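Asks: This is the structure I have questions about; it appears just below.
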């Protein structure tokens, strides 16, 4: 363990010290297995991947990363949450961990970070799977809930559930308390700056246009009942040569939590082909 990588006794993970922030990482599974990197969405943390990581770790080296501003990673002030910079940090973390190549699995806005890393470090990315990642701002479904910034971080559990409700559609699904804690643990600045950064990244150029020239294998999974991004917009990714696009009946914006086994079937077969 170098001085730039410290053990986290609370989670069994590690803290990786970069020049512009400290990144929390959890590594599970076979040390010599194919490397799979899991990237969470805005307002979440690597804990959103808990059920999927348990499945994937049986045969892979699973690397979960708390993006800057989220989870147990640092939450500095300033203009540090741009999507391109988040992608750069993921690449630096993989360098520190000695990972030369990985398959990226990304949920929601984590797909923007995965795309940014693929643009910057194509040699590091073997393939990408994007799960309910909106291809462009045109696909966004406007939300009708807002909160008073003066209340942050003292939002009630119910207020946070209302904020997160569009992320889930499966009947009877109750938002895990861990996800509520993830939102509350963010600073107002890291939360709002991350949202703005994602919008700006999509405004500059839609994801299919960014991914098409990279030549990376691409799997796109989309819940048919997604309430954050129009499910039909998943078809936009067919502009990427060779992209595989699958709609998941009965699921919403978060298949990794709403039905981990079904989602894992698609991911495992994709990884087997490209890891």
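Please treat every number below as a calculation from the coordinates, not as lab data. Here the structure is a predicted model, which means the values were calculated and not measured. Glycine also receives a Cβ, built like all others from the backbone with ideal geometry; neighbour counts cover every protein chain displayed.
Asks: Peptides 53-63, 107-117, 153-163: what's the order by average Cβ count within 10 Å, highest mean first?
Replies: 107-117, 53-63, 153-163
Asks: Normalised by the number of residues in the chain, what is the relative contact order in percent for Cα pairs under 8 Å and 6+ residues apart?
Replies: Computed value for the chain: 20 percent relative contact order.
Asks: What does a probe at residue 157 reach in the range 178-201, counting residues whose amide N is under 17 Å from the point 7 Å along Cα→Cβ?
Replies: Correct set: 178-185.
Asks: While we're looking at this one, here's another question. Counting only DSSP beta bridges with both residues in the chain, what percent are antiparallel, rounded to the nearest 5?
Replies: The antiparallel fraction comes to roughly 40 percent.
Asks: Could I ask something else about it? Can you give the extra length, in nm with one decimal, that the chain gains between residue 181 and residue 32 once fully stretched, where that is 0.36 nm per residue apart less the Cα-Cα distance?
Replies: Values: separation 149, 0.36 × 149 = 53.64 nm, distance 3.31 nm.
Length gained, residue 181 through residue 32: 50.3 nm.
Asks: Same structure, new question: When the helices in the chain are scored as -39500 (n - 2.57) per DSSP H run of 4 or longer and the sum is shared across all residues, what 222 nm value do you end up with, to the nearest 500 deg cm²/dmol?
Replies: Using -39500 (n - 2.57) per qualifying helix, the result is -9500 deg cm²/dmol.
Asks: Sorting check: for 79-90, 10-21, which peptide has the highest mean count of neighbouring beta carbons within 10 Å, and how do the rest follow?
Replies: Packing order, densest peptide first, comes out as 79-90, 10-21.
Asks: Describe numerically, in nm with one decimal, the distance between label points set 7 Å from Cα along Cα→Cβ at residue 147 and at residue 6.
Replies: My value for the distance between the label points is 2.8 nm.
Asks: Relative contact order for the range 142-196: what is it in percent, counting Cα pairs under 8 Å that are at least 6 residues apart?
Replies: Relative contact order here is 45 percent.
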